[in-house]
Amino acid sequence: MVTPDGDRSGRRPRARTDDRIAGPSRGQLLLAGAFVLAVGIIGLTFVLNTSVQTNTLAESETGIARGGDALAARQAVRADIGDFLTALNRAYDEDGGATDPWHEYRDAFRAGVPPLARGVRDHHATGGRLVNVTAPSALATAFEDGFRVKQETTDSFAKPATRTAVDPVGQWRVVRDSRVRNATFRFEREVSTSDPAFRVVFEESASGDEWAIEVFEQPTTPGNWRLEVQFEGSTVDSCTGPPRSNAVRLDVDDARFGGDYCPALSRLDPEPTYTVEFRNGDNVRGQFWMLVDRQRPDGPPSSGLPPAVGPQVGIDSTEYERALYGVQVAFRYHSSTVDYETDLVIAPGEI
Amino acid sequence: MSGRGETRGQVFTLEGLLAAIVVIVALVFALQTVVVTPATSGGSASPVESREVDSALRAGVSNDQVKRATLFWDRDTADLAKFYNTARFRYYTRSSFQSGTYPGLLIALDDRFGSTASMSVIVHYHDGSGAVASQRLVDGGAPSEGAVSASTTVTLFDQDEIVDENGAPTGTTLADVETNSSARFYAPDVSSSDVYNVLRVEVIVW
């Protein structure tokens with residue numbers, strides 16, 4: 001008897017699926033599965049391999065390809081030219097009799113740029129990069145003339161013409177409508193801790209807003225030098241210097257007071273141009289130096305001229321000498337992956 | 001019947017073995033490939049990365065330590081011009097710089113890499129003929145395969161002063177050294193202008 005679900009012997013037939021994988025087909029399926037698995041593993045390996053390799057390349061990639069080398073070269077050139085400016089301002093004196101009183105500085109700078117550029121070019125060439133520095137030919141764009149305003153002998157910071165008077169004038173303008181760099185003060189002592197403290201004020205020409213640095217001795221024993229940075233009369237930040245028994249040095253652009261970093265000075269941010277004014281200058285003794293740009297080509301400063309027509313330096317009379325305030329050079333960098341050209345305006349230590 | 005069954009069983013076994021071999025070969029290939037990949041660039045692992053050395057050197061440029069290190073030049077009683085506190089050679093051979101009588105650059109580099117790596121510092125300069133010559137500042141031995149380096153240029157001017165062993169200017173300018181026959185500095189004046197020489201300071205760490 002043949003049943004609908006069985007064969008002649010009455011046994012149930014195997015499922016059709018089992019029929020398909022029975023015999024040699026099963027082995028072939030296993031083999032095919034192994035091949036698929038093997039190809040999958042190898043494929044996965046390649047994907048992982050590519051990922052790891054990309055990561056390895058990215059990590060081992062030099063700054064030359066990323067452009068970091070171009071920025072490093074620019075930083076080095078900027079530092080070199082800044083040092084060059086400092087060296088020139090130290091090496092040369094003003095030549096008041098010449099038609100162009102700043103020509104010595106300019107000529108020396110022009111003479112120095114080619115050997116400097118050649119040296120920089122040679123060193124970078126060993127790494128397969130072209131780095132070049134050139135000074136623009138136009139005087140107006142290449143140079144920014146300036147003055148070094150200074151008080152090299154220790155004295156009161158009162159208006160110079162009134163220092164010997166019975167009542168010296170403590171409030172006076174040192175610089176008008178200019179920019180200042182490398183402003184350095186050395187305070188010997190405060191004349192009276194009970195009188196209003198000395199302040200150097202930066203009054204913005206456009207807005208009239210006032211930034212100020214106030215320096216004084218703490219009256220308590222043992223007192224220290226103290227510095228406050230103020231904006232529109234309100235204290236923004238402050239820091240404490242060395243004991244008041246010692247003279248203290250203030251480097252405004254380096255943000256250093258008594259040789260230590262003073263975060264308060266980093267917050268000083270007057271918008272150029274500004275007028276620099278001393279207030280209560282009769283209450284402190286010391287020295288100062290600052291480099292000022294010549295905003296107007298109206299000749300060397302002299303005292304007594306009305307501010308509207310006179311030069312911006314020496315309105316109230318102080319010591320000064322000519323200097324180079326800033327220079328502009330063209331910087332070029334070319335590597336296999338990066339081309340970078342820019343003009344660098346260099347005036348180190350600008351506030 | 002049993003003979004056919006045995007044959008089929010042997011075929012299944014052989015095919016299973018073959019499949020297993022294929023999978024194992026694929027796995028071995030994959031593992032070998034992954035192990036090899038990180039070293040594809042050909043270098044062994046370095047204790048520091050290139051960007052770290054670059055960063056340290058840039059910091060040295062910004063605080064003027066690099067330039068001062070190149071001017072840390074002395075002439076001892078035996079009239080041998082050399083860097084301060086060097087012993088047998090004109091350059092440093094030790095790898096630890098902890099006191100103030102070494103250039104601040106080396107102290108900073110030593111603080112950063114000294115505990116984990118060795119370093120060499122080489123100053124390249126232009127000689128009188130215009131070719132590039134080298135003066136070692138630190139010789140840390142032969143760099144290993146994974147060494148990384150960074151370099152920067154430094155320009156010396158006639159008015160730059162040699163510094164003393166505390167890093168303070170001595171008052172002796174490079175122009176003075178150049179005109180004084182008894183004094184010597186490793187790099188010559190290569191220009192009639194105020195530029196004295198242009199150096200490249202290279203730091204190699206491994």
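The values are calculated or read from the model by the stated rules, or taken from the named source; none is laboratory data. Just so you know, these numbers come straight off a predicted model, no measurement behind them. Note that each Cβ is placed from the backbone with ideal geometry, even for glycine, and that neighbours are counted across all protein chains shown. The protein model used for the area step is the full one, side chains on, heavy atoms only, and it has no ligands, DNA or RNA in it. Shrake-Rupley method; radii C 1.70, N 1.55, O 1.52, S 1.80 Å.
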Please list, ordered by first then second residue, the pairs with beta carbon atoms under 7 Å, 6 or more apart or interchain, first in the stretch B:148-162 and facing another protein chain (nearest Cβ under 8 Å) and part of a strand (DSSP E or B), second open to solvent by less than 10 Å² (accessible area, probe 1.4 Å) and polar (S, T, N, Q).
B:V154/B:T70
Every residue in the stretch B:169-179 that is in a strand (DSSP E or B) and either open to solvent by less than 20 Å² (accessible area, probe 1.4 Å) or within 21 Å of A:I81 (Cα to Cα) (or both), please.
B:P169, B:T173
Taking A:A247, is it within 22 Å of the chain's Cα centre (by Cα) and touching a residue at least 12 places away in the same chain (Cβ under 8 Å)?
no
Would you please name the residue that is modelled with the highest pLDDT, looking only at residues in the stretch A:1-57 that are more than 60 Å from the chain's Cα centre (by Cα) and polar (S, T, N, Q)?
A:Q28
Tally up the residues in the stretch A:189-212 that are under 30 Å from the mean Cα position of the chain (by Cα), open to solvent by 50 Å² or more (accessible area, probe 1.4 Å) and charged (D, E, K, R), please.
1
Criterion: more than 11 Å from every other protein chain (Cβ to nearest Cβ), in a helix (DSSP H, G or I) and either modelled with pLDDT of 85 or more or closer than 20 Å to A:D343 by Cα (or both) - qualifying residue of A:T86, A:T141
A:T141
Restricting attention to the stretch A:115-126, which residues are closer than 12 Å to B:N197 by Cα, more than 7 Å from every other protein chain (Cβ to nearest Cβ) and not charged (D, E, K, R)?
A:A117
Of (1) more than 7 Å from every other protein chain (Cβ to nearest Cβ); (2) at pLDDT below 80; (3) surrounded by 15 or more Cβ atoms within 10 Å (Cβ to Cβ), B:L57 satisfies every one except (2)
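Restricting attention to the stretch B:176-195, does a residue exist that is within 8 Å of chain A (Cβ to nearest Cβ) and of a type in the set (A, V, I, L, M)? Spell out the reasoning first.
Restricting attention to the stretch B:176-195, the residues satisfying the condition of being within 8 Å of chain A (Cβ to nearest Cβ) are B:190-195.
If we keep only those that are of a type in the set (A, V, I, L, M) as well, we get B:190, B:195.
Yes, there is a match, as at least one residue in the stretch B:176-195 is within 8 Å of chain A (Cβ to nearest Cβ) and of a type in the set (A, V, I, L, M).
Each row is one residue, and each column tells you yes or no for (1) at pLDDT below 70; (2) surrounded by 12 or more Cβ atoms within 10 Å (Cβ to Cβ); (3) among the aliphatic types (A, V, I, L, M).
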| residue | (1), (2), (3) |
| --- | --- |
| B:F72 | no, yes, no |
| B:S95 | yes, yes, no |
| B:S99 | yes, no, no |
| B:L109 | no, yes, yes |
| B:R112 | no, yes, no |
List pairs: first residue in the stretch B:187-206 and touching a residue at least 12 places away in the same chain (Cβ under 8 Å) and more than 20 Å from B:F83 (Cβ to Cβ), second residue of a type in the set (F, W, Y) and not in a strand (DSSP E or B) anywhere in the structure, Cβ distance under 8 angstrom, at least six positions apart or on different chains.
B:D194/A:F84; B:V195/A:F84
What is the one condition in (1) in contact (Cβ under 8 Å) with a residue 60 or more places away in the chain; (2) crowded, with 19+ Cβ neighbours inside 10 Å that B:N166 does not satisfy?
(2)
Which condition breaks for A:N246 when tested against (1) in a strand (DSSP E or B); (2) open to solvent by 40 Å² or more (accessible area, probe 1.4 Å); (3) within 25 Å of A:T153 (Cβ to Cβ)?
(1)
Residues located in the stretch B:115-136, provided they are open to solvent by 30 Å² or more (accessible area, probe 1.4 Å) and within 12 Å of the chain's Cα centre (by Cα):
B:S118, B:R136
Inter-residue pairs, beta-carbon under 8 Å, first facing chain A (nearest Cβ under 9 Å) and modelled with pLDDT under 90 and in the stretch B:118-134, second in a loop (DSSP other than H, G, I, E, B) and buried (at least 18 other Cβ atoms within 10 Å of the Cβ), 6+ apart
B:G130/B:V190
Take the conditions modelled with pLDDT under 75 and over 20 Å from A:I42 (Cβ atoms) and apply them to B:G42. Does it pass?
yes
